[in-house]
Amino acid sequence: MAVTVQDLSRTGPTPIRGEQDDHELSSIFKAYTVSATFWLIFGTAVGLLLAFKFGAPDFWAGKYLTFGRLRPIHTNDVFYGWASIALVGTAYYVTVRSCGTKLYSTALAWAGLWLFNIAAIAGTIALDLGYNWGDLEYREWPWPIRLVFLAALIVTVWNILATIARRESQDIYLSNWYIVGGLLWTCIICLVAVLPWYQYGLGQVTISGYFMHNAVGMWFTPLALGLFYYAIPKVLNRPIYSYALGVLAFWTNLVFYPMLGAHHFLFSPLPWWLQTTAIICSVGMLVPVLGGGANYLLTMRGRYHGRIESYPLAFLFVGVLCYVFGSMQGTVEALRSLQAIWHFTSFTVGHSHFTMYGFVTFAAWGGIYALLPLATGKRPGQLGMAVHFWLATTGVAIYVISLSIGGTIQGLDWVHGKPFIQSVVDMEPYYLWRGVGGILMFLSHLVFVWNVWRMTAGKPGDAPSPIMQSEEAGA
Amino acid sequence: MHNMLMGPLWGIVTIAILVGAVTLGCFVAMFKFLIRPGEHDPHHPKYDILRPDR
């Protein structure tokens, strides 16, 4: 039985919100987006500086601007400043709207934003002063600061759960499964990462792999996927292709992802069975990735023209493609024969940008462009979104392709026993292209600032409604 | 690629069979939902989010 737009008007709970609730939700969404945008600019400016330090290592080489201090500042700020805050902001909007209710506590949402920002500011200062937790990737912040971040997560998950508990409908919409899952899992991951008594020897290596990969796959991935499950149907005015497939992808993500971390330490003294399990689970990840990706793309079927006219949909589309291909690339990298070449090379840097930028960041942008105008009533300019989209897409393509080719050459040089300096010489042109891609990406972020201004405090732009006409209305 | 840390062969085979069986089952379920998504009931939650926000 086909479902029509007329049917939809009769379904679903009656919203119980008032104007004041909408205004508060809009203020929170705006504040999270503006705050996240600041960290995007700061974190990627540092990243751009780092990219050029490969070509000119002595440039700005003072104590506080060394590569060793700036690199974790870049990764932690784009992770916990930009992506975390942006996705939590969209998560609040998605949860409230999909539950047809109002936010449980505005004060808790503001407290969470303050805690996220305090952690990011303190972490940045600590790292620049040389207070680094050591060689533990993505958890370089000293542990008290990571506890502040954990407090932000707990405040947020409490608020989201309490909001879902007061929903009008019987079911919990799929997006909220991913959002709550991501928040709860990350609380556990952060707690495991901070407990001290197994953080030595091989235990430390195992926990390091567990944290670094799950900080991506059990935090950013579920939040971004939850956003896809709301924003793509909303923009297209068409339901998700298969709800059941989304549920399957949720549970298979939980089954396979937590065991992946050891694939970062293949050929290490970690137990071989643990490494093998990590590889098999990496292959198992093809289920949620291919199933989820197909679900999003089948929802978009037949609306190809919309991807050209609607930039929110274009951002979401690129995000879905990078999710599918970036994750499949991760599976391939986990195979021993290929990791022997690619591990420790710039190929992995290309992979992390393929996923964290191409997937997570494009998902956040698509979600913000699709949903923030609905919250504030202000749209960006069509030209501004177009410039942002094409600069970012071109930039990340150049970045990922150059590092993938260069990283492969680098790895083959090492496998063939060439002197290390030969691999440095061979990488020279690819480092240059990496910088070119980075410049385009950073310029796109400046345009994004302008677009955020127009969607929040500035004069609204001329972009059409982010919600496309339904097929029935268009026919 | 041989490694001295390879470990017992049957341990590797056991892991591969167990995790492989779970993986295979998941793939079967994935294709089932891709081919027959169902969910035509207009009261299904996936249609609720399409209502106007206001």
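The values are calculated or read from the model by the stated rules, or taken from the named source; none is laboratory data. Not measured: the values here are computed from a predicted model. No Cβ is skipped: glycine too gets one built from the backbone with ideal geometry, and neighbour counts run over all protein chains shown.
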Verdict on A:PRO373 being within 23 Å of the chain's Cα centre (by Cα), touching a residue at least 40 places away in the same chain (Cβ under 8 Å), over 27 Å from A:VAL332 (Cα atoms) and not in a helix (DSSP H, G or I): no
Residue match in segment A:2-25 (condition: within 11 Å of chain B (Cβ to nearest Cβ), surrounded by 16 or more Cβ atoms within 10 Å (Cβ to Cβ) and at pLDDT 85 or above): yes
Residue match in segment A:349-367 (condition: more than 17 Å from A:MET441 (Cβ to Cβ) and surrounded by 23 or more Cβ atoms within 10 Å (Cβ to Cβ)): yes
Residue tally, condition assigned to a helix (DSSP H, G or I), surrounded by fewer than 23 Cβ atoms within 10 Å (Cβ to Cβ) and among the hydroxyl-bearing types (Ser, Thr, Tyr), over segment A:156-176: 1
Residues being closer than 13 Å to A:ALA314 by Cβ and either modelled with pLDDT under 95 or among the polar types (S, T, N, Q) (or both) - total across segment A:372-389: 1
Of all residues in segment A:260-284 being farther than 27 Å from B:MET30 by Cα and under 26 Å from the mean Cα position of the chain (by Cα), the one that is farthest from the other protein chains (Cβ to nearest Cβ): A:HIS264
Wholly enclosed helices (runs of 4 or more DSSP H) of segment A:285-345 bearing at least 2 residues within 14 Å of chain B (Cβ to nearest Cβ), within 18 Å of A:TYR243 (Cβ to Cβ) and modelled with pLDDT under 95: A:286-299
Some residue of segment A:245-262 being farther than 23 Å from A:VAL180 by Cβ and touching a Gly at 6+ places or on another chain (Cβ under 9 Å): yes
Test for A:ASP77: is it outside any helix (DSSP H, G or I), more than 14 Å from every other protein chain (Cβ to nearest Cβ) and modelled with pLDDT of 85 or more: no
Residue in segment A:267-279 that is of a type in the set (A, V, I, L, M) and outside any helix (DSSP H, G or I) present: yes
